[in-house]
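Heads up: the structure comes next, in C-alpha cells.
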Ligand SMILES: [Zn+2]
C-alpha cells in the first residue's frame, strides 16, 4: 500500500506522493499532489527543520482516463531552525520529478517506450504529452541509451547475420549512404548498425566485442558482398560463412530482368512499354515456377513466344529457377552435384548475363554449399529486420543524425522491453468489500 492508503493515492500510483485534489482545467485533468515526507532535517547541522513555505510546480504526467494530466506538486520549502547554521532554506526534491523538469520521470520513460517499442514518431509522442520535440528526444536518449548499450543485449549469439541497408537516399549533393546491420539470426534481434558498407566497418565492430563473445559465434550468414566475407574470415575465422539463400535466389532473378531488358532493347529499339509482350510478363518472370497458376503459365509462354526469339530469356529463366531449387537438395553432396550441372549449363549458354552470374556463383561456391552443412541457416530473419528498419525510417521521415537513427533502430528491433502485460480478467475474485 502506498502513501496514505486512500483510493485517490492508489489512482495516482506515484511512489512517495499522495493525491490531494483533482480538478479539471480546459478539458484536462489537474491533480494536486504532495510528498509523504512531512519532516526534514538540515543537511548542514542535522537539526530538524521547520516548514517555511509551500510552492506549487506544474509538470506533465501520464494521461489518465484518456485525458492529459498535469500534476501540481505543492512543494515544501524547509528552513533550518538553527540561526547560526549557514543553510537557511531549501526546497524538497524527488527522483520522480526532477528539478526544473517539465514532465515526470515516468512520463519520460513512457515516451521513450512509445518511440522505441511502439515505433511512434518523436513529434507525435511529444504532441501527446504536450512537450517539445527536443524535450521528448532527450527523454528517448536518456532512457534508451542504457537499454541499447547494456552488455546483456549481445549475449548468446551463435549465428550472426550481416546485411546492408540504405540510411540516407542520394540527392544532388551526396550519394546513397549505407549502413551495415548486424543481426542475431537466432532471435532476429538487431545487434547494431554501423555506418558504411565495408568490410572495415564490420571488422572494427566485431573486434570491439569480447574474445569470449567472438568465440561463441559459430555461423555467419551474409549477402554476396566480398567485403563482408573478407571481414568475417579475418575477424571470426572459426565461424562457418554461409551465403544467404534469399540473396542467391535474387541474383538469379536479377539476371532474368537484365536479359529481358536487353532483348527488349535489341528487338524493339526502345525500353519496355505497356503493350510490349516482354514488358507485360516482367512480374510473372520473377516468380517461382511452382507458384504459377495455369493462366500465369499461359501468359508467360505467350509472352516468350512473342518476344524472346532466340530463347535467351527462357534460358536465363530456367537457370534462375534451377538456382532457386538448388536449396531443396537433400544433402550437401546432392547440392554439389546440382550446382556443378548448373554451372555447366550456364557456361554452355549463349547468354552473357548467365556467364557472369555463373562466375559470381562459382566464386561463392564454398559459402553457398555451407548452407547444407549448417542445417540451412538463412539470413531471412536479417531481411525481416531490414523491413523494420525501413519502417522506422519512414516514420522518422529520413534521418540525418546517425546516432539518433541507431538509437531508434536498436530500441525498436534490438531491445527486450519487458513491459507489464495486463493480467486476465477472468478468474478474478472481487476484492472491494465496500
Ligand atoms: Zn542547519
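Coordinate-derived values only; no laboratory data. What you see is a predicted model, and the numbers here were worked out from it, not measured in a lab. Here the Cβ positions follow ideal geometry from the backbone for every residue, glycine too, while neighbour counts run over all protein chains shown.
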So if I take the centroid of the Cα atoms in the range 1-69 and the same for the range 321-367, what is the distance between those two points in Å?
71
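Fewest first, what order do 390, 75 take by the number of other Cβ atoms within 10 Å?
390, 75
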Quick one: if you stick a label point 7 Å off each Cα along the C-beta vector at residue 429 and residue 37, how many nm between them?
3.9
If you consider only alpha-carbon coordinates, what radius of gyration and Dmax does the range 19-75 have, in Å?
14.9, 47
Above 15 Å lies some portion of the pair distances; for the range 249-289, what is it as a whole percent of all C-alpha pairs?
37
With Cα atoms, 0 to 90° folded angle of helix 332-348 axis to the chain main axis:
60
Once you have a ≥ b ≥ c as the square roots of the Cα gyration tensor eigenvalues for the range 1-101, tell me rounded if a/c is under 1.5, and otherwise prolate or oblate according to whether a/b is larger than b/c.
prolate
Determine the gain in length on full extension of the stretch residue 391-residue 348; use 0.36 nm per residue of separation and subtract their C-alpha separation, reporting nm with one decimal.
11.1 nm
Most to least packed among 217-225, 27-35, 44-52 [average Cβ atoms within 10 Å]:
217-225, 27-35, 44-52
GNM flexibility winner over the chain from 104, 267, 165 (Cα, springs under 10 Å)
267
May I ask for the Kirkwood hydrodynamic radius of the chain, worked out over all distinct Cα pairs and given in angstroms to one decimal?
27.0
Chain lengthening between residue 7 and residue 293 when straightened (0.36 nm per residue, less Cα-Cα):
96.5 nm
Once you keep just the Cα pairs under 8 angstrom separated by 6 or more residues, what percentage relative contact order results for the range 1-101?
21
Relative to the longest principal Cα axis of the chain, at what angle does helix 133-149 sit, 0 to 90 degrees, rounded to 10?
70
May I ask for the Rg/Rh ratio of the range 245-372, computed from Cα atoms with Rh as the Kirkwood radius, given to two decimals?
0.99
If I take R0 = 60 Å and measure r between the Cβ atoms of residue 301 and residue 21 in this structure, what FRET efficiency does the formula 1/(1 + (r/R0)^6) give, to the nearest 0.05?
0.15
1/(1 + (r/R0)^6) with r = Cβ-Cβ of residue 149 and residue 175, R0 = 30 Å, i.e. FRET efficiency to nearest 0.05, evaluates to 0.50
Length-normalised contact order for the chain - Cα pairs under 8 Å, 6+ apart - percent
13
